[in-house]
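The structure appears below as structure tokens.
The values are calculated or read from the model by the stated rules, or taken from the named source; none is laboratory data. This one's a predicted model, so the numbers in the text were calculated from it and none came from an experiment. Note that we place each Cβ from the backbone using ideal geometry, even for glycine, and neighbour counts take in every protein chain shown.
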């Protein structure tokens, strides 16, 4: 059985689509990073150096969010693993992971 993921726009409009090729898929994930007070800046610098990363502060002390976009699903896990190796990082949790077609993202921009 083949299961196809619908974008939000397709779900609402109910227009059929052709399945996207794997090379046309963009992986978007958010990671919650918890650090010691002393390790916060080092962790943010490491996260900012990741390709396709956006850093967002939270109201919780010692925590920030990294939003990643990549054409490779493995890049999300690799980024989480890399951040775990940074001194002062306590935990890295992948909170969300979604896939969108690159064409749909271009239309939404």
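Numbers for the structure displayed
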quantity: Test: residue in segment 45-54 that is in contact with a strand residue (DSSP E or B) (Cβ under 6 Å, 6 or more places away or on another chain), in contact (Cβ under 8 Å) with a residue 60 or more places away in the chain and not in a strand (DSSP E or B); calculated: no
quantity: Segment 14-44 - residue that is in a loop (DSSP other than H, G, I, E, B), touching a strand residue (DSSP E or B) at 6+ places or on another chain (Cβ under 7 Å) and at pLDDT 95 or above and, of those, farthest from residue 91 (Cα to Cα); calculated: 39
quantity: Any hit, segment 88-102, residues being in a loop (DSSP other than H, G, I, E, B), touching a strand residue (DSSP E or B) at 6+ places or on another chain (Cβ under 9 Å) and touching a residue at least 12 places away in the same chain (Cβ under 8 Å); calculated: yes
quantity: Hits in segment 72-87 - residues which are farther than 12 Å from residue 28 by Cβ and either assigned to a helix (DSSP H, G or I) or in contact with a helix residue (DSSP H, G or I) (Cβ under 8 Å, 6 or more places away or on another chain) (or both); calculated: 74, 77, 78, 79, 80, 81, 82, 83, 84, 86, 87
quantity: Output for segment 54-71, where each listed residue is within 12 Å of residue 97 (Cα to Cα) and out of contact with any helix residue (DSSP H, G or I) (no Cβ under 7 Å at 6 or more places or on another chain); calculated: 67, 69
